[in-house]
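Enquirer: One structure coming up, written as structure tokens, with questions to follow.
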Amino acid sequence: MSRATLGWIVLSWVGFALLPWYGFDRSAAPTLADYFISGSGLVHGLRGAWWLLPILVPLGMALIPVARSSARPGTWLVASGLLGLALIVLQGFTIGLNGWTLDILRALFGEPGPNQAGMGYGAALTSASFLIVLCHGLAARGWCRGDTFVTSSIGVVIALIIVFVFFPVTTILASAFADNSGNFAPSEFVAKFMDKSIWGLDCLSSDLRCGVAWNTLFLGLLVAFGTTALGLAFALIATRTEFRYKKLLRVMSILPIITPPFVIGLALILLFGRSGALSAVLWEWFGVPRSRWIYGLPGVLIAQLLAFTPIAFLVLIGVVQGISPTLEEASQTLRAKSWTTFWTVTLPLMRPGLANAFLLGFVESLADFGNPLVLAGNYEVLSTKIFFAVVGAQQDQGRAAVLSIILLAFTLGAFWLQHAWLGKKVYTTVTGKGDSGIPLPLPRRVALASYFTAIPWALFTVAVYAIIIVGAFVRSMGRDYTPTFEHFITAFRVERADWGLYFSGSAWNSFFATVKVAALSAPLTAAIGLLTAYLLTRQRFSGQRSFEFGTLLSFAIPGTVVGVSYILAFNVPPIEITGTGFILVMCFVFRNMPVGVRSGIATLSQIDKSLDEASLTLGARSFTTMRRVVLPLLRPAIVASLVYSFVRAMTAVSAVIFLVTAEYNMATTYIVGRVEAGEFGLAIAYSTALILVMLLAIVAIQLVVGERRLGRRSASGAPSPIAVQAIP
Amino acid sequence: MELKKTFAAATMLAGTMTALSFMSAGAAQAQAQGELVMYCGVQEEWCRAMTTAFERETGIKVSMTRKSAGEVYAQVKAEAANPRADIWWGGTGDPHMQAAEEGLTVEYKSPKLGELQDWAVRQWEQSKQRTVGIYSGALGFGYNTDLAKSNNIAEPKCWADLLKAEFKDEVQVADPNSSGTAYTLLATIVQIMGEDKGFEYLKALHKNVNQYTKSGAAPAKAMALGETTAGIAFMHDIVTMVVDKAPVKVVAPCEGTGYEIGSMSLIKGAKNMDNAKKFYDWALTADAQKLGADAKSYQVPSNKSTPIPPQSPKLSDIKLINFDFAKYGSSAERKRLLSKWDNEVKNLPK
């Protein structure tokens, strides 16, 4: 038995016999004694919580192979882990805060039955140890070629996804099949599902409105095509041309992703609304009548293109960089014209990137909430409709669940299509072979097309951000252009008190909480996301597809539904974490993890497996291989997922509205409140401060993670690092 | 290579730190004596003013979270098995009534009840003592004076004026499915004109509506920005724009109008019920209700002796109808009216 396995067995005992089994009541002031031994599961068990004592059996079973070397360790470990987890789950879900949780138990053993609080550190540690022991046992029985790192990783990721994605999501989706008082009513589901407001097609034949499902689908497809095309244009310019303002272009393309919600929408209204700045110019100079064209499909489309192009760019740039020039050179040597090469070699090699960018654009558009709220006018989409089904005058959670199921179906459809399109082709271009030549310059027409899409778009972005900056420093955008700092002073005033600095501005509280939550969730998201991507691309195990699907689930479900489902699932024992910052972090980690997974998969599918195999052949274990070979090559994906998760944690709205508390208030809910109150100036000023923080964070992430250096020479002929450097 | 180690170490450190700092934070989030958890349903400034004033007066520490009334309702309902909040203060009356109907809140008879206006007490009676009125605001509309002048539109005075051809595509109102404000309009029109005539009116109004917004106060902002000439909203929301020097004028419709009653409820299963009741009694006093006007909220307070803010629309100028909150606040009637509006009005061609 390995020392690692032994260590986990010891930890499972520590969790049960030493650490506090239950979480502390919020009114309690725990002493040191409560932290050690006296609050442990063992002591609780002996003092009357009899249902904890059976856990001693699996704890003991794990010790058998330790004591007797003749015992088959794998079997014992598997049995111990499985039984331990089963017992913990069973007692956790049957004995709740107010006694038995199931009617049948109440009927059998009388009311109210024993009660217990939510799980604490001890329970968490013991459960985790049982899980790892189980995985080590499986490895000992030969799973995944006996690699404990791989089995443990798979086990941990699956467990996390079950707890933080499946569990809450099934809790709420079940309400699709219930009427308002909670009884099972499948007929209600059918009635709600077939509603004309969802599937109506009146807009094709008359000037009536189409159903909300078609609207959402149409918008999603437009946005996905648009963002992929724009992202590709930016990525090509940034990597394959000698455009002079590349750096600037990169910054500009990143800006929208770090803009808090509502701000882009507000800026568009201030530019193109009926009284907007550009509309005024058009009217006075060219006699173009002022209209409200921005409210509806055009407005949401523009806003979403602005907001999500950077995601496509981040995914695509890694892929475009990774394409090996060898193949392109081969094509040219065979006398293909540069256009033919681009069309038949370069573009097909980008397929994983294009498909992932498209998928993300589509899913993001479906889940977006802030932009449709401000700009959609009478063009209804599912995300806002779901939000108002929960909080609006209807107050119909079942309807929200039905709409969520439709949204989910669209996402899964896109996921399936993406898989079908990528097929089983091989996209490997990063191999261990040395220098692979100079990337070809873009064919003329491709370069021109890229410039013509990217540059006007960049200028447009500049205009939008100019409006935002102006908006932060004038009294009231659109009405009163007196320059002022009052918004910043209201939000970020700092006073000097006798005992030091006193942050008296109204925004500080939410500002600190947001930065803390974002900074904690970003590395976790990246780690879990990339680990998952590694498992999906580099390991083969049964149930891989459903595993992949599970990682996408929380991303596909609208934020409002996730928020409500987190309350429903985590407000009562066994996992009682509402009101803490922990629930916010977990919510962000599992909502944003798919981006880490997607960009990880896109990048990994380019990297030749022989690199890993070489490392394995040389005696490295898979953990070492991952750390020393795969991770350095994954730098673009690491940056993408770190940046994305940090930024999303700072800008997400709909998911956190229900999770914030007085102590952990988030910046976006503060901004929503300001927008609701009509204080656009303050909202924009706060947003600019957030943008600044995010810019700093992105620069810091870039610096810390660093750039990937592949064995590619740049076309300009500058001396380039050799391949060996990429694999330290 | 050091870099990767640092990264891995940092990740692990962050993970541990998260778990530790937040779990202990959760544990330390004590609710012992001297604490109160409040969900607040009005504007941030007003919420904060109430929080600090109550803390100063009683020494009880208030943890306040601000959300819209519908969001508070959804949260209270989701948390019903293990309630987190003690008191729900502010926000339009419908969700409070809904919560009362579903038994999410509890009965309480405050000693201050006698000092309240009749409409506030009626709210308390209709909800079987589970929610009480703390302020009220009349529904009305407003118009952008600059736009009206440049388009030669005469000052609208009545609901009927909004049907005029000159307001074609110039009226904005929220969607009653998403906004309590717009539902109040729907119920008001039905009560003033009768259901058949009322829906005729709404159908005619539909031709002039340029956008059904999601949020009830959005038309007030759109008017201030000049995105629409007229907008229907609660008058105090429009007044906020006027005070902010927007070229907007508030109108109290001549046919009479409905109103909302901002309410307060005690959460069933509250962990600090005594403190919640202290807050409840205090929030009904004139001193506490005065804070609204200072925080730029111009609703009419429910305590008879609270001075009415000078900016508030004069109640004497407004013809208030006898709004039947019990009938139009019930979920059955609301569902019926909303689906009727969906079928007969919303899907009409322009």
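The values are calculated or read from the model by the stated rules, or taken from the named source; none is laboratory data. Predicted model, so just to flag it, every value in this text is computed and none were measured. Here Cβ is always computed from backbone atoms with ideal geometry, including for glycine, and neighbour counts include all displayed protein chains.
Enquirer: Just to be sure, is A:GLY122 at pLDDT below 90, assigned to a loop (DSSP other than H, G, I, E, B) and either in contact with an Asp or Glu (Cβ under 9 Å, 6 or more places away or on another chain) or within 14 Å of chain B (Cβ to nearest Cβ) (or both)?
Expert: In short, no.
Enquirer: Could you tell me whether any residue of the stretch B:253-268 is in contact with a Pro (Cβ under 8 Å, 6 or more places away or on another chain) and either among the aromatic types (Phe, Trp, Tyr) or outside the structural domain of B:THR229 (by TED's automatic domain parsing) (or both)?
Expert: Yes; the residues of the stretch B:253-268 include at least one that is in contact with a Pro (Cβ under 8 Å, 6 or more places away or on another chain) and either among the aromatic types (Phe, Trp, Tyr) or outside the structural domain of B:THR229 (by TED's automatic domain parsing) (or both).
Enquirer: A further question follows. So, A:ALA33, is that one more than 14 Å from chain B (Cβ to nearest Cβ), more than 20 Å from A:LEU90 (Cβ to Cβ), in a helix (DSSP H, G or I) and modelled with pLDDT under 85 or not?
Expert: Yes: the conditions hold for A:ALA33.
Enquirer: As an exercise: evaluate A:ARG244 against (1) within 22 Å of the chain's Cα centre (by Cα); (2) more than 17 Å from A:LEU347 (Cβ to Cβ); (3) surrounded by fewer than 21 Cβ atoms within 10 Å (Cβ to Cβ) and give the number of the one condition it does not meet.
Expert: Exception for A:ARG244: condition (1).
Enquirer: OK, next. Name the residue that is farthest from the chain's Cα centre (by Cα), counting only residues in the stretch B:329-348 that are in contact (Cβ under 8 Å) with a residue 40 or more places away in the chain and away from chain A (no Cβ under 11 Å). Show your work before the answer.
Expert: Let us first name the residues in the stretch B:329-348 that are in contact (Cβ under 8 Å) with a residue 40 or more places away in the chain, namely B:329-331, B:334, B:337-338, B:340-342, B:344-346, B:348.
Then keep just the ones that are away from chain A (no Cβ under 11 Å); that gives B:330, B:340, B:344-345.
Working: B:SER330: 17, B:LYS340: 24, B:GLU344: 27, B:VAL345: 25 Å.
The qualifying residue farthest from the chain's Cα centre (by Cα) is B:GLU344.
Enquirer: Another question about this same structure. Quick one: count up the residues across the stretch A:506-524 that are in contact with a helix residue (DSSP H, G or I) (Cβ under 6 Å, 6 or more places away or on another chain), more than 10 Å from every other protein chain (Cβ to nearest Cβ) and β-branched (Val, Ile, Thr).
Expert: Residues that pass the stated criteria total 1.
Enquirer: Continuing with the same structure: Mind checking which pairs have a first residue in the stretch B:64-84 that is without any contact (Cβ under 8 Å) to a residue 60 or more places away in the chain and at the interface with chain A (Cβ under 7 Å from one of its Cβ atoms) and a second that is in a helix (DSSP H, G or I) and charged (D, E, K, R), Cβ under 6 Å, 6 or more apart or different chains?
Expert: Final answer for the pair search is B:ARG66/B:GLU44.
Enquirer: Out of curiosity, is A:SER504 surrounded by fewer than 15 Cβ atoms within 10 Å (Cβ to Cβ) and more than 30 Å from A:THR661 (Cβ to Cβ)?
Expert: no
Enquirer: While we're here: Which one is nearest to A:PRO574 (Cα to Cα) among residues in the stretch A:96-119 that are part of a strand (DSSP E or B) and out of contact with any Ser or Thr (no Cβ under 7 Å at 6 or more places or on another chain)?
Expert: From the stretch A:96-119, those part of a strand (DSSP E or B) are A:96, A:99-100, A:119; that's our starting set.
Narrowing the set further to residues that are out of contact with any Ser or Thr (no Cβ under 7 Å at 6 or more places or on another chain) leaves A:96, A:99, A:119.
On the way: A:GLY96: 7, A:GLY99: 12, A:MET119: 5 Å.
Filtering first and then ranking leaves A:MET119.
Enquirer: For the subset of the stretch A:644-656 comprising residues that are buried (at least 24 other Cβ atoms within 10 Å of the Cβ) and part of a loop (DSSP other than H, G, I, E, B), which member is farthest from the other protein chains (Cβ to nearest Cβ)?
Expert: Among those that are buried (at least 24 other Cβ atoms within 10 Å of the Cβ) and part of a loop (DSSP other than H, G, I, E, B), it is A:ALA652.
Enquirer: Could you list all residues from the stretch B:291-345 that are over 21 Å from B:SER179 (Cβ atoms) and of a type in the set (Asp, Glu)?
Expert: B:ASP294, B:ASP317
Enquirer: Looking at B:GLY269, B:GLY292 in this structure, which one is outside any helix (DSSP H, G or I) and within 14 Å of chain A (Cβ to nearest Cβ)?
Expert: Result of the check over B:GLY269, B:GLY292: B:GLY269.
Enquirer: Can you tell me how many residues within the stretch B:89-125 are within 14 Å of chain A (Cβ to nearest Cβ) and within 19 Å of the chain's Cα centre (by Cα)?
Expert: Of the residues in that region, 14 qualify.
Enquirer: Residues B:PHE22, B:PHE54: which one is modelled with pLDDT of 90 or more, part of a helix (DSSP H, G or I) and either farther than 30 Å from A:ALA393 by Cα or among the polar types (S, T, N, Q) (or both)?
Expert: Among B:PHE22, B:PHE54, only B:PHE54 is modelled with pLDDT of 90 or more, part of a helix (DSSP H, G or I) and either farther than 30 Å from A:ALA393 by Cα or among the polar types (S, T, N, Q) (or both).
Enquirer: Same structure, new question: In the list B:ALA85, B:ALA160, B:ALA99, B:ALA120, which residue meets the criterion of being assigned by TED's automatic domain parsing to the domain that holds B:SER215, among the hydrophobic types (A, V, I, L, M, F, W, C) and at pLDDT 90 or above?
Expert: B:ALA160
Enquirer: Between a first residue in the stretch A:107-126 that is surrounded by fewer than 15 Cβ atoms within 10 Å (Cβ to Cβ) and a second residue that is assigned to a helix (DSSP H, G or I), which pairs have beta carbons less than 8 Å apart while being 6 or more apart in sequence or on different chains?
Expert: What qualifies is A:PRO112/A:ARG106.
Enquirer: Mind telling me which of the residues B:ALA276, B:ALA326, B:ALA286 ends up being surrounded by 21 or more Cβ atoms within 10 Å (Cβ to Cβ), outside the structural domain of B:ALA218 (by TED's automatic domain parsing) and touching a residue at least 24 places away in the same chain (Cβ under 8 Å)?
Expert: B:ALA276 is the lone residue from the list that is surrounded by 21 or more Cβ atoms within 10 Å (Cβ to Cβ), outside the structural domain of B:ALA218 (by TED's automatic domain parsing) and touching a residue at least 24 places away in the same chain (Cβ under 8 Å).
Enquirer: Something else now. Taking the condition in a helix (DSSP H, G or I), hydrophobic (A, V, I, L, M, F, W, C) and surrounded by fewer than 23 Cβ atoms within 10 Å (Cβ to Cβ), does A:LEU584 pass?
Expert: Details: in a helix (DSSP H, G or I): yes; hydrophobic (A, V, I, L, M, F, W, C): yes; surrounded by fewer than 23 Cβ atoms within 10 Å (Cβ to Cβ): no.
So A:LEU584 fails the test.
Enquirer: If you check A:PHE623, A:PHE582, which single one turns out to be without any contact (Cβ under 8 Å) to a residue 12 or more places away in the chain, aromatic (Phe, Trp, Tyr) and assigned by TED's automatic domain parsing to the domain that holds A:ARG540?
Expert: None of the other options fit; the residue is A:PHE582.
Enquirer: Is it true that some residue in the stretch A:552-572 is over 28 Å from B:GLU44 (Cα atoms), more than 14 Å from chain B (Cβ to nearest Cβ) and outside any helix (DSSP H, G or I)?
Expert: yes
Enquirer: Identify, by number, the condition in (1) more than 10 Å from chain A (Cβ to nearest Cβ); (2) under 30 Å from A:ALA267 (Cα atoms); (3) touching a strand residue (DSSP E or B) at 6+ places or on another chain (Cβ under 6 Å) that B:ALA222 doesn't meet.
Expert: Unmet for B:ALA222, out of (1) more than 10 Å from chain A (Cβ to nearest Cβ); (2) under 30 Å from A:ALA267 (Cα atoms); (3) touching a strand residue (DSSP E or B) at 6+ places or on another chain (Cβ under 6 Å): (1).
Enquirer: I need every pair where a residue in the stretch B:172-186 that is at the interface with chain A (Cβ under 9 Å from one of its Cβ atoms) and among the aromatic types (Phe, Trp, Tyr) has its Cβ under 8 Å from the Cβ of a residue that is surrounded by fewer than 24 Cβ atoms within 10 Å (Cβ to Cβ) and part of a helix (DSSP H, G or I), sequence separation at least 6 or different chains.
Expert: B:TYR183/B:ARG334; B:TYR183/B:LEU337; B:TYR183/B:LEU338
Enquirer: Considering (1) more than 23 Å from the chain's Cα centre (by Cα); (2) away from every other protein chain (no Cβ under 14 Å); (3) among the hydrophobic types (A, V, I, L, M, F, W, C), say which one A:VAL391 fails and leave the rest.
Expert: Failing condition for A:VAL391: (2).
Enquirer: From the list A:PHE570, A:PHE588, A:PHE512, pick out the single residue that is among the aromatic types (Phe, Trp, Tyr), in the same structural domain as A:TYR664 (by TED's automatic domain parsing) and over 19 Å from A:SER654 (Cα atoms).
Expert: After ruling out the rest, the residue left standing is A:PHE512.
Enquirer: Let me ask something additional. Looking only at the stretch A:657-679, count how many residues are under 20 Å from A:VAL390 (Cα atoms), outside any helix (DSSP H, G or I) and more than 7 Å from chain B (Cβ to nearest Cβ).
Expert: Adding up the residues that qualify gives 1.
Enquirer: Tell me, yes or no, whether the stretch B:132-145 has at least one residue that is surrounded by fewer than 20 Cβ atoms within 10 Å (Cβ to Cβ) and not assigned by TED's automatic domain parsing to the domain that holds B:ASP281.
Expert: Yes, the stretch B:132-145 contains a residue that is surrounded by fewer than 20 Cβ atoms within 10 Å (Cβ to Cβ) and not assigned by TED's automatic domain parsing to the domain that holds B:ASP281.
Enquirer: Here is a check on your reading of the model: is A:PHE234 of a type outside the set (Asp, Glu), crowded, with 21+ Cβ neighbours inside 10 Å, under 30 Å from A:PRO348 (Cβ atoms) and modelled with pLDDT of 75 or more?
Expert: When the stated conditions are applied, A:PHE234 passes them.
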